[in-house]
Structures are given as C-alpha cells and as structure tokens.
Amino acid sequence: MKMNNGVGPVKRVDLNLRTLFPELATTIYKIELNKYLIYVTNFSGDFKVLTERFENEIRPLLTPVKLVNTKPEHFQEIIPGLSDLEISKGFQGMLMNKVEWIFLLAAKFPKINFYKISDDDGVVGIHIANYKIKSGKETKYVYADIFSIAELEAFISSHQSPITFNIIIDEFEEKPELTQGFDERGGTFTYVREKNQKPLFVQRDESLWFDNIDAIFESKYTKEHLYFYDKEEYSCYADFSAFPNIDLRYFLMLYQTMYLSPPLDTKISEWLKGFDVTVRELLTLIERGRVKLILINDTSRYDLGFLNEVYELRPNAIISKRGVSCLQQCDIVEMSNRYIFNEMKLVQELKLISEFLAKELKKDTKMLYNALVWPIKARRKSFEVLHRGGVLSASLYGVDQIIDNPPSSDISEDTSFLLKMFSYATHLSHSLNATYFPVRGEEGYTDESYAEVMGKLLNFYRNATISNLKDFTDCESFLANGNTFVLPIELIKINPYPSILEFEEVLSKEIVFPNSERLIKTLSHLSLDEQKKKIAFYNREVTRYLGKTQKTERLLDLGVQTLFEIIGSPMGLPIGSIFNFSQWATNKYMKKISPAQRIQEKIDLALNQSTDRKNIHFLSKINRVAMLREA
C-alpha cells in the first residue's frame, strides 16, 4: 500500500517551523512529485538567516521541501498544514526506525499478532503471524480480526509517509519459535510478543494514550476524564525516585491524597524502613485512597512485585508512564487553549510588543517574546517529546527554557544541568494541581529554588486568561508585600509512638481537608513576628483546651518554601519579564480587549476569631500525633 504522496514529513517540518517561530504564517505548495515549497507570507527580517536556520535546525535530511518568501506561480496543489488541533493525527511525519515502528504498532494494536518488520528495496513489510491454537474444543486463528486489520491500514495511511508499506500475513502450522533482534543482514527485526509482555496497568495506560491522544488535542478528552485525577482533591506530589524527601507522615497530616513516585532500583520494603513503615501499612494507605503511585520511568526500574500488588488491591492507585504523559498533554492543551494570547493575530503582534517592552524593562527581546508565546510553543512541541520520552523529558519544552536568570546567583553549570533534569517534577505537580515538595539530597542538594521559579511561571500561564488575569496580578501584587513562606513552622513535632496507620486514622477521622488547608492559609500571609505570635497563641489555647501539656519528641522537617505555592487552584507570583508584562497588559491593554471581571479572592487574608477557633479545634484534635513547633 503506497502512502498518500508522502506529504506527512513536509507537514511535520512546517509545524516545527511554526513551533520555533509561532508568529509565521505559512502555506505548503506541492510543485510536483516529491517537491514541495513552504511559502512564508509575513516574514520581514533577514530571510537568508531564517533559511539557514530552517536548513540547519528544522528540515531533516532528504525531506523534499524548501523555504521561500515568494509565492510560486505554478503548483499542483496547496497542502493544508497541521493545525494545533491535529498535531497528533496519524503521527504524521514523525520519523521512526524499524524498531520504533514495530513497538508503536504493537502498543497501539495489542490484538494484532505482529512478529516481524522488514525493509527490502525501500518497501517496509509489516509481518503478522497467523497460526491455529486450540481453545477448549475450538480451533481458531490468532493473528487478528478483519476490523483490527482495517484499523491498522487506516492508521498507516493517515501517517502520510513517502514509504511504501505492505501488511503481510505469514501462515504457520503452529506457533513459531522466535528470537528477538535483527537478522544478520540487519534489514529485518523480529519482535517476540512474550518477551515484551507488559503489566496490565501499563497496557491500560498505553491504550489510554493511543486511544485518546487525538481527542486530547481536540479538547474532547480532558484531565477530568482520567481515571486517577480528581480536581477536588487537596493533594501533594513527592518524588522519591532518585533523591530523599521528607517523612511520609507530613503528607498525611496536611493532604487528602499523596501522589508518590517511588525510588528506582530499590525494594520498597528496604526503602520504607527509613520511615518506620511496613509494606503492609503502605498498601493499607493506598487501599484507603490516601496514596497513589506515579511512575515516571519504565516499570523495569521499580519493585515490580509491589506494583502488581498495588494494581490488584486498587487499580486506579497506580499510574504508569503513559498515563502520566496523558495528564501532562491534557494540561498543556488546556493551558494553551485558555491563554489570553493564543490567537494568531495576537501572536504576530507580540513580536512588536516584545521589542517595545524589552526596551522599557531592559530585557532581551527574544527571551521576552519566547516567554509570552511559551504555551503555544509547548503545545506544538510536547507531543513528540511525551510520546518518545514521557514527562521525564519535560525540560525539552518546559518553562525552564525561558527563565532568563538562574534561581541562585552562585549556581554552577553542573547544578544547572541537574536542575533541568528535575524540571519534570514541577510540570507534573502542576498538571496534578498538587503541591510539589522538592527533593532533599545529600550535601544539601535540593531543586527547591528552581521549582519555585518554574511553579510561579506555570501558575501565571494557568491564570493568564481574559476572565482572571487582572484579578490574578492584583492579588499577586498584594501578596508580594507579605511573607508567603511560613518559616516559624519549619519543624513540626510528631509523636513517635503511634504507627503510621494510627497516625493516619486520627487525621482521617478529623477530616484533614479543609482543616489543614485553612491552617496553612491562616499562617502563610503573616509576617514572621505575627506568625510566631499566632503559633504561640495556638499552642497555648490547645494546651488550655486539653487541660494538659502534650509531650512529643520526634521532629519532622518540613520543606515549607513550596508548601504554600499551590493551594486549591494553583497561584504564585510571576517573576521577571512575565510579571512586569502582566501588570503592563492589565493596566493599558486589557481594557481594550475586554473588561476584566473581578473574581472572589482565593485566599482570605483577614484573620478573624472564627478562623482562629476552627484552627485551634483542629490542632487540639490532632494533638495526640502532631503539633506546631514554636521557634
């Protein structure tokens, strides 16, 4: 079967051009067979420089397309480009080798018995093994049904590749003995289904990705459709995959749900010893819905026996790599859809605006422009990245690319590299609408300051809509004058006697949410002196309420700098160019676009007696297991 005149790679090149330069308007012309032109209609700069970047950075070798700034007089047809709704359609133009092809097809079509992919004289053969097996008294063929083959043909056709593909059904008397790998000539790769059998929860999430990716870009499938996501949950995300983090009890004390990335290449039982927790206790917490596992790496890196136990106990409490990619893709599409400057006309004007603002703010024009169009670029670039590498590769499209200053003045190149490697955690927690707790490595290593910067940027983009941008910037300007981090409760006292399940039972019975959230909000916007006084007041009142002094010995370190960054609908202080621009746009241009509607402030900064009474009541109820520590 010959594919639709091979225009897929050309359309992907055009998309990649518009990803790097979102302001460009382009038209694809087919001049003749295997000859295409991309006509740029609105470029006013040095076209030679643009062409050099196109040839050196964008166009893959042998792709039959050139960039022009003059409309061709003679052509066969105009080819529609990939719109922002069609980025994933048929995986058009994505360059893949034979191994990538066979693994993609095996994941997307699990009912088809693929066993080999060949390449002879430029024709790719997709081989399906067909043989009879006995099932009870019946004997049946195993390769696939007619509907699956039809779906396979439709998918390959939609890829719009210049390559000729043949679907070949090879007949066998019985199941063939196969060895996975390339033949001696290197032209054929044999795929062994049994060797690549994946856990059920991985198969589930691969189907989630392949079945819904087009609907995600069309906004027909959103985060609310995901089996593990609940926007009403008060949740946090803790990443233990490579570095230590704080005690698990802390998360249970303050949040309804803890999203946990377990350690790599480590037995869960050994890891839990550091928290005085058993595997059975953790499974019980998972069964109660207090903990969900987020797998950011391949399952081979984790304690697979434990993962299977979790899946059998509570299937929705384990999310594999593909499921995480679905979440991240949904979040990026939603963010770009709502972004105030997502219209093409506005994007084109942002170039001029960036030049003006760069002078006013003394910022680099390119950096400022890339910051203003980041949600659009992230939408166009993220699909291939998430498909190939998952959320661990988030730094290839993430907000870390637009940060003009490092979060610490003495940051080294090695540290900067490590911080970029961990940028996925901030993007993931943002997608979950969850508080992120930075890792705590040896010798004081932490991604805390970097996560803080990225979190604020992501919160800005989430709130940069016509309906709430003005209210968001007004609120942030107000918060900037206060103390957003609660340093006096850097340590919380935890009673060492109850087990983690007894600890959790006390907290769950007294309803952690919204009590813990209200307590955090109360303390988070006071000055340091006011916080000290408030905490001392609370502890005195709790002691008086209980009629005795509660003795506690165990200390639990709290990473509080990002504790208050994401509460309810995440919000944070935009930094640098973005924050200045948001104020400027609100004051001078938002009125011309549409009156910004006031929305109710998310955080009540007025501390009244009623709130204090509720906080004291909550603290008295959990006093048996935890209390605030005075500075």
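Scan the stretch 334-351 and give yes if some residue there is within 17 Å of residue 400 (Cβ to Cβ) and modelled with pLDDT of 85 or more, otherwise no. Yes, because at least one residue in the stretch 334-351 is within 17 Å of residue 400 (Cβ to Cβ) and modelled with pLDDT of 85 or more.
Pairing residues of the stretch 277-303 that are open to solvent by 10 Å² or more (accessible area, probe 1.4 Å) with residues that are of a type in the set (A, V, I, L, M, F, W, C) and assigned to a loop (DSSP other than H, G, I, E, B), at Cβ distances under 9 Å and at least 6 apart in sequence or on separate chains, gives 292/228; 297/264; 301/264; 301/295; 302/264; 302/295. The set of residues from the stretch 159-195 being of a type in the set (Ser, Thr, Tyr) and out of contact with any Ser or Thr (no Cβ under 7 Å at 6 or more places or on another chain) comprises 161, 164, 191.
Being in contact (Cβ under 8 Å) with a residue 24 or more places away in the chain, under 19 Å from the mean Cα position of the chain (by Cα) and open to solvent by less than 30 Å² (accessible area, probe 1.4 Å) is a property that residue 257 has.
Restricting attention to the stretch 368-400 and to residues that are at pLDDT 90 or above and polar (S, T, N, Q), the residue that is least open to solvent (accessible area, probe 1.4 Å) turns out to be 382. Restricting attention to the stretch 92-124, the residues being touching a residue at least 12 places away in the same chain (Cβ under 8 Å) and assigned to a helix (DSSP H, G or I) number 10. Tell me whether the stretch 165-175 contains one or more residues that are more than 30 Å from residue 293 (Cα to Cα), of a type in the set (Phe, Trp, Tyr) and either in contact with a Phe, Trp or Tyr (Cβ under 8 Å, 6 or more places away or on another chain) or open to solvent by 70 Å² or more (accessible area, probe 1.4 Å) (or both). The answer is yes, given that some residue of the stretch 165-175 is more than 30 Å from residue 293 (Cα to Cα), of a type in the set (Phe, Trp, Tyr) and either in contact with a Phe, Trp or Tyr (Cβ under 8 Å, 6 or more places away or on another chain) or open to solvent by 70 Å² or more (accessible area, probe 1.4 Å) (or both).
If only residues of the stretch 224-247 that are open to solvent by 10 Å² or more (accessible area, probe 1.4 Å) and not in a loop (DSSP other than H, G, I, E, B) are counted, the one that is farthest from residue 506 (Cα to Cα) is 225. Within the stretch 193-221, restricting attention to residues that are more than 21 Å from residue 307 (Cβ to Cβ), in a helix (DSSP H, G or I) and of a type in the set (Asp, Glu), the residue that is least open to solvent (accessible area, probe 1.4 Å) is 214.
Only one of the listed residues (325, 336) is among the polar types (S, T, N, Q) and under 20 Å from residue 239 (Cβ atoms). That residue is 325.
For the stretch 13-40, the set of residues classified as under 20 Å from residue 376 (Cα atoms) and open to solvent by 10 Å² or more (accessible area, probe 1.4 Å) consists of 16, 18, 19, 20, 21, 23, 25, 26, 27, listed by residue number. Residues in the stretch 341-356 that are open to solvent by less than 10 Å² (accessible area, probe 1.4 Å) and touching a helix residue (DSSP H, G or I) at 6+ places or on another chain (Cβ under 6 Å): 350, 354. Are any of the residues in the stretch 48-67 outside any helix (DSSP H, G or I), in contact with a Ser or Thr (Cβ under 9 Å, 6 or more places away or on another chain) and at pLDDT 95 or above? Scanning the stretch 48-67 turns up at least one residue that is outside any helix (DSSP H, G or I), in contact with a Ser or Thr (Cβ under 9 Å, 6 or more places away or on another chain) and at pLDDT 95 or above.
Conditions tested, residue by residue: (1) crowded, with 21+ Cβ neighbours inside 10 Å; (2) under 30 Å from residue 96 (Cα atoms); (3) modelled with pLDDT of 60 or more.
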| site | (1), (2), (3) |
| --- | --- |
| 417 | no, yes, yes |
| 421 | no, yes, yes |
| 438 | yes, no, yes |
| 448 | no, no, yes |
| 459 | yes, no, yes |
| 465 | no, no, yes |
| 471 | no, no, no |
| 474 | no, no, no |
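Among the residues of the stretch 104-122, those identified as within 14 Å of residue 188 (Cα to Cα) and modelled with pLDDT of 90 or more are 114, 115, 116, 117, 118.
The values are calculated or read from the model by the stated rules, or taken from the named source; none is laboratory data. Here the structure is a predicted model, which is why all the values come from computation and not from measurement. Because the Cβ atoms are built from the backbone with ideal geometry, glycine has one as well, and the counts that use them run over all protein chains shown. When the accessible area is computed, the model is the full protein with side chains, heavy atoms only, and any ligands, DNA or RNA have been set aside. Shrake-Rupley method; radii C 1.70, N 1.55, O 1.52, S 1.80 Å.
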